[in-house]
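Notes for the one structure printed next.
The values are calculated or read from the model by the stated rules, or taken from the named source; none is laboratory data. Model, not experiment: these values are computed from the prediction. Cβ: placed from backbone, ideal geometry, glycine included. Neighbour counts: every protein chain shown. The area values use the complete protein model at the heavy-atom level, side chains included, leaving out ligands, DNA and RNA. Shrake-Rupley method; radii C 1.70, N 1.55, O 1.52, S 1.80 Å.
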Amino acid sequence: MSGHGYESGRLDLPFVGVSTFGKRPLVTDWNAIEADAAILGAPFDAGTQFRAGARFGPRGVREASTLFSFGHAGAYDHEDDEVYLGPDVRIVDIGDADIVHTDTEKSHANIEAGVRAILKAGALPVVIGGDHSVNIPCICAFDDQAPFHLLQIDAHLDFVDERHGVRHGHGNPMRRAAERDHVTGLTQLGIRNVSSTAKEGYAAARDMGSDILSVRQVRKLGTEAVLDRIPDGARLYVTLDIDAFCPSIAPGTGTPSHGGFLYYEVLELLQGVARRNRIVGFDLVEVSPDHDPARVTSILAAQVALNFLGFIFAARTRG
């Protein structure tokens with residue numbers, strides 16, 4: 001054990017100190033971000049159509065992430081024989097975008113400003129929501145970047161164009177993304193059961209370049225075959241709605257849908273795209289801690305996010 005990171009510095013147990021994401025440094029000056037990845041909270045849930053509560057998602061995921069704050073040494077995975085997120089990977093938490101209650105457009109603009117600040121610093125934006133409408137400003141922030149493909153892992157298609165005048169709710173983000181010139185196409189995985197999108201929305205999604213697969217279709221094809229459907233080597237933005245998972249393991253969400261993915265199904269997809277693609281951004285949304293008294297949903301979200309970051313930077317190191 002000589003020279004191991006645990007032998008120096010404070011013990012800093014999970015229940016001690018400030019709950020930044022993974023116990024990483026807090027940077028409040030968005031003009032002074034120096035990092036490989038930066039975490040932005042987007043505690044907005046006024047876009048929901050059913051149960052609110054995802055505004056507490058960033059706080060819940062941050063607190064849960066302290067369980068996986070491995071100190072100075074990174075995290076060793078014996079199956080991969082890999083140390084992930086060691087001291088060479090600089091991750092900071094830049095706090096939350098300012099949310100203006102009842103004002104979707106202003107709140108979204110503030111989220112977009114945070115993502116733009118991360119991109120300006122040359123870091124990977126990681127946004128913790130919030131409802132899925134926060135993906136809209138995330139995608140907008142990339143309008144001066146190179147084009148990318150969008151991978152959505154979700155129970156719902158979220159391809160509603162407009163409903164009663166609403167265009168920026170949590171049922172709209174994939175439609176808004178598909179309209180963007182810098183989004184070259186969408187892969188939508190996990191879509192199932194009765195969705196928020198009507199039949200014509202599915203037709204519109206396919207006409208606008210979407211590849212849509214349910215959980216059962218993903219399982220029938222297998223991970224490698226699904227990965228083969230995503231443009232190899234493309235720049236890739238990933239948006240993960242926690243309701244993609246089965247509510248038996250992720251009950252803490254506003255619109256649960258039974259029959260979802262299990263942990264390793266999603267993890268292997270994320271590891272696969274990290275190896276095959278250049279990940280340019282990531283958001284994780286719809287965690288609603290108050291709907292899960294045991295907080296296992298927040299723990300799942302934190303574990304998935306940290307693992308995905310580990311996969312991304314391990315792949316970058318390998319080139």
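Report yes if some residue within the stretch 37-50 is touching a strand residue (DSSP E or B) at 6+ places or on another chain (Cβ under 9 Å), modelled with pLDDT of 95 or more, loosely packed, with under 14 Cβ neighbours inside 10 Å and part of a loop (DSSP other than H, G, I, E, B); otherwise report no. Scanning the stretch 37-50, I find no residue that is touching a strand residue (DSSP E or B) at 6+ places or on another chain (Cβ under 9 Å), modelled with pLDDT of 95 or more, loosely packed, with under 14 Cβ neighbours inside 10 Å and part of a loop (DSSP other than H, G, I, E, B), so the answer is no. Selection within the stretch 22-33: residues that are of a type outside the set (Val, Ile, Thr) and under 20 Å from residue 110 (Cα atoms). The member of this set that is surrounded by the most Cβ atoms within 10 Å (Cβ to Cβ) is 30.
Scanning the stretch 74-94 for residues that are crowded, with 17+ Cβ neighbours inside 10 Å, of a type outside the set (Val, Ile, Thr) and more than 24 Å from residue 272 (Cβ to Cβ) turns up just one, 93.
Conditions tested, residue by residue: (1) modelled with pLDDT under 95; (2) of a type in the set (A, V, I, L, M, F, W, C); (3) surrounded by fewer than 23 Cβ atoms within 10 Å (Cβ to Cβ); (4) out of contact with any strand residue (DSSP E or B) (no Cβ under 6 Å at 6 or more places or on another chain).
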residue: 113; (1), (2), (3), (4): no, yes, yes, yes
residue: 125; (1), (2), (3), (4): no, no, no, no
residue: 133; (1), (2), (3), (4): no, no, no, yes
residue: 137; (1), (2), (3), (4): no, no, no, yes
residue: 150; (1), (2), (3), (4): no, yes, no, no
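Residues of the stretch 260-280 include none that is on the phi > 0 side of the Ramachandran plot and either in contact with a helix residue (DSSP H, G or I) (Cβ under 6 Å, 6 or more places away or on another chain) or open to solvent by 10 Å² or more (accessible area, probe 1.4 Å) (or both). Checking each residue in the stretch 161-177 for being part of a loop (DSSP other than H, G, I, E, B), touching a helix residue (DSSP H, G or I) at 6+ places or on another chain (Cβ under 6 Å) and open to solvent by 10 Å² or more (accessible area, probe 1.4 Å) picks out 161, 168, 170.
Determine whether residue 251 is open to solvent by 10 Å² or more (accessible area, probe 1.4 Å), more than 25 Å from residue 111 (Cα to Cα) and touching a Pro at 6+ places or on another chain (Cβ under 6 Å). Considered against the rule, which asks whether it is open to solvent by 10 Å² or more (accessible area, probe 1.4 Å), more than 25 Å from residue 111 (Cα to Cα) and touching a Pro at 6+ places or on another chain (Cβ under 6 Å), residue 251 comes out as no.
When residue 290 is tested against the conditions (1) buried (at least 23 other Cβ atoms within 10 Å of the Cβ); (2) of a type outside the set (Gly, Ala, Ser); (3) within 19 Å of residue 56 (Cβ to Cβ), the lone failure is (1). Would you check which residues across the stretch 16-43 are β-branched (Val, Ile, Thr), under 16 Å from residue 121 (Cα atoms) and touching a helix residue (DSSP H, G or I) at 6+ places or on another chain (Cβ under 8 Å) and list them? Passing the criteria: 33, 39. Figure legend. Inter-residue proximity from the stretch 134-156: first residues of a type outside the set (A, V, I, L, M), second residues part of a loop (DSSP other than H, G, I, E, B) and at pLDDT below 95, beta-carbon distance below 6 Å, spacing 6+ or different chains. Indicated pairs: 156/195; 156/196. In the stretch 52-70, which residues are open to solvent by less than 60 Å² (accessible area, probe 1.4 Å) and either over 21 Å from the mean Cα position of the chain (by Cα) or more than 13 Å from residue 21 (Cβ to Cβ) (or both)? Once the filter is applied, which keeps residues that are open to solvent by less than 60 Å² (accessible area, probe 1.4 Å) and either over 21 Å from the mean Cα position of the chain (by Cα) or more than 13 Å from residue 21 (Cβ to Cβ) (or both), the stretch 52-70 yields 52, 53, 54. If you filter the stretch 226-247 down to residues that are over 17 Å from residue 135 (Cβ atoms) and acidic (Asp, Glu), you find that the one that is most open to solvent (accessible area, probe 1.4 Å) is 232.
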